[in-house]
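These notes are about the structure you will find just below.
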Amino acid sequence: MTVQEYAVKLRSNISKIIKGKDDKIDLVIMALLSGGHVLLDDVPGTGKTVLAKALARSIDAGFSRIQFTPDLLPSDITGIHFFNMKEQEFMFRAGPVFTNILLADEINRATPRTQSALLQCMEEKQVTIDGELFLIDKPFIVLATQNPVETAGTYPLPEAQLDRFMISISMGYPDRADELDILMSRDHVNPMENIMPSIHTDELVAIQKEVESVFVHRTVYEYIVSLVEATRNNDRIELGVSPRGALALARMSKAAAYVEGREYVLPRDVASVFINVARHRIVLSAQGRMYNESAQDILTEILASVKQPKPQTEGR
């Protein structure tokens, strides 16, 4: 089975639950294939948690869900050493982070201390507990949700942690036809129960390695750098995209090309994922906030102003 066929099966599975959002589903699949974490940032009830669950059910892999609350401790995520009275020795009880797909629900409701515990797991794919190092199995993907509207009792994610997410997605409300379809599809049945795994973890890890080997011409890398520099030299942006963000843009572009059946990246692949890779990484300046502009609007202008190079596939 080709990567395109895997992507189609994953999209078909998830679209049984999430109606009319194929573009968002494709972005999540690309992040999955490139080994990146996803931040689902939107108002309640738009399908953020359902999307994460549907993706997890579509993969024959371990799945854990953590409901983030202010009283959640780092050890509740990573695990603890406890004294086993029967064995008369200390033993390690692994936390929910030791899985393949982790749903971090309402991540901004946890304290910074707990958020930092997840930060190490996301970046290093490992956990240090009482001086002992534990590795997390591959693949390891975090799907985090947060509600940007309710700010009472929340702890906004710091830029350092936001930068760990490969992409951010806003689901948005469905249109009238899709919302009607959602209501009718749940009449006396739960469509989530009909989702069956379409890919195994071993296959996913192999695909992720193939995605890494997709060819990127120097001119495409230069295009990526031009876009990133444009975010740093814009008066309406105080903090532009970091080098880590540039690497994420390259990885997502490779996944976008591979899903289309190509082993080389075109400039349009970069353009197609740029906003979702960059939106959560920039901080607007006072000038940007003064005119009530959104990160989406500014990045759209940057994307239109930076000229795309001619496609190059030679020099591989």
message: Under a crude label model (7 Å from the Cα following the beta-carbon direction), how far is R113 from R244 in nanometres?
response: 2.2
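Stretch E179-N233 to full length: gain in nm at 0.36 nm per residue minus the Cα-Cα span? Don't jump to the answer; show the numbers that get you there.
On the way: separation 54, 0.36 × 54 = 19.44 nm, distance 4.13 nm.
Net length gain for the segment: 15.3 nm.
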task: Place a +1 charge on the Cβ of each Lys and Arg in segment 185-264 and a -1 charge on the Cβ of each Asp and Glu, then give the dipole magnitude about the Cα centre in debye, rounded to the nearest 20.
output: 260
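At a Förster distance of 25 Å, what's the computed FRET efficiency of R93 paired with K138, Cβ-Cβ distance as r, to 0.05? Mind showing how you got there, number by number?
Details: r = 22 Å, r/R0 = 0.87.
Using R0 = 25 Å, I get an efficiency of 0.70.
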query: Put a dot 7 Å past each Cα toward the Cβ at E5 and Q287; how far apart are the dots in nm?
result: 5.3
- request: Extending each Cα 7 Å along its Cβ direction at R65 and N194, get the distance between those two points in nm, one decimal.
  value: 2.0
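Roll a 1.4 angstrom probe over the protein heavy atoms and tell me the percent of accessible area of the chain that is carbon or sulfur. It would help to have the intermediate numbers written out before the result.
Values: 7990 of 15640 Å².
Taking all protein chains in place, the chain shows 51 percent carbon and sulfur surface.
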- request: Over the chain, average the accessible area per residue using a 1.4 Å probe and give it in Å², no decimals.
  value: 49
- prompt: Counting Lys and Arg as +1 and Asp and Glu as -1, each charge on the Cβ, what is the dipole of segment 23-95 about the Cα centre in debye, to the nearest 20?
  reply: 180
task: Taking H placed 1.01 Å from N in the peptide plane, check which residues at least 5 places from I237 or on another chain put their amide H under 5 Å from its amide H.
output: S285
task: Evaluate E = 1/(1 + (r/R0)^6) for K310 and E123, where r is the Cβ-Cβ distance and R0 equals 45 Å; express this FRET efficiency to the nearest 0.05.
output: 0.80
- prompt: So what's the Cα pair-distance distribution over the chain, bin width 20 Å, in %?
  reply: 30, 58, 11, 0
message: A 27 angstrom limit on the alpha carbon distance is what I want to check against. Which of K24/K209; K53/K307; K21/K254 exceed it?
response: K53/K307
- line: Sorted on mean Cβ neighbours within 10 Å (highest first), peptides 195-205, 35-45 come out as 35-45, 195-205
- line: If unit charges are put on Cβ atoms (+1 for Lys and Arg, -1 for Asp and Glu) and the dipole of the chain is taken about its Cα centre, the option from A117, G35, G240 lying farthest towards the positive end turns out to be G240
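The values are calculated or read from the model by the stated rules, or taken from the named source; none is laboratory data. Note that the coordinates shown come from a computational prediction; the quantities given were computed from them, not determined experimentally. Please note: Cβ atoms are built from the backbone with ideal geometry, for glycine as well, and neighbour counts cover all protein chains shown. SASA here: full protein model, heavy atoms, side chains in, ligands and nucleic acids out. Shrake-Rupley method; radii C 1.70, N 1.55, O 1.52, S 1.80 Å.
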